[in-house]
Amino acid sequence: MEYRKKHGSDTWHFCKNCANWPTSGYDSKTTKPTSGELCNQCQAKKSAGNCK
């Protein structure tokens with residue numbers, strides 16, 4: 001799974017269908033980040049089984 005956050009942001013996104021999924025100017029990780037916070041929308045999509 002890929003995690004992305006915009007440069008200067010502390011919020012990590014992991015669902016490509018999130019409205020705030022960064023497409024440019026972002027940091028990327030392939031492991032769950034240990035700093036910052038996870039996007040609430042991504043977490044809701046994951047819980048609903050709708051994370052792509």
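Brief remarks on what is shown
- Residue pairs meeting the criteria (Cβ under 7 Å; at least 6 apart or on separate chains; first on the phi > 0 side of the Ramachandran plot, in segment 6-33; second at pLDDT 95 or above): G25/K6; G25/H7
- Residue check: P22 meets all listed conditions (1) surrounded by 15 or more Cβ atoms within 10 Å (Cβ to Cβ); (2) part of a loop (DSSP other than H, G, I, E, B); (3) touching a Cys at 6+ places or on another chain (Cβ under 8 Å) but one, namely (3).
- Members of segment 34-52 found to be in a loop (DSSP other than H, G, I, E, B) and either of a type outside the set (S, T, Y) or without any contact (Cβ under 8 Å) to a residue 24 or more places away in the chain (or both), listed by number: T34, G36, C39, A48, G49, N50, C51, K52
The values are calculated or read from the model by the stated rules, or taken from the named source; none is laboratory data. Everything quoted here is computed from the prediction, not taken from an experiment. Don't worry about glycine lacking a Cβ; one is built from the backbone with ideal geometry, like all the others, and counts go over all protein chains shown.
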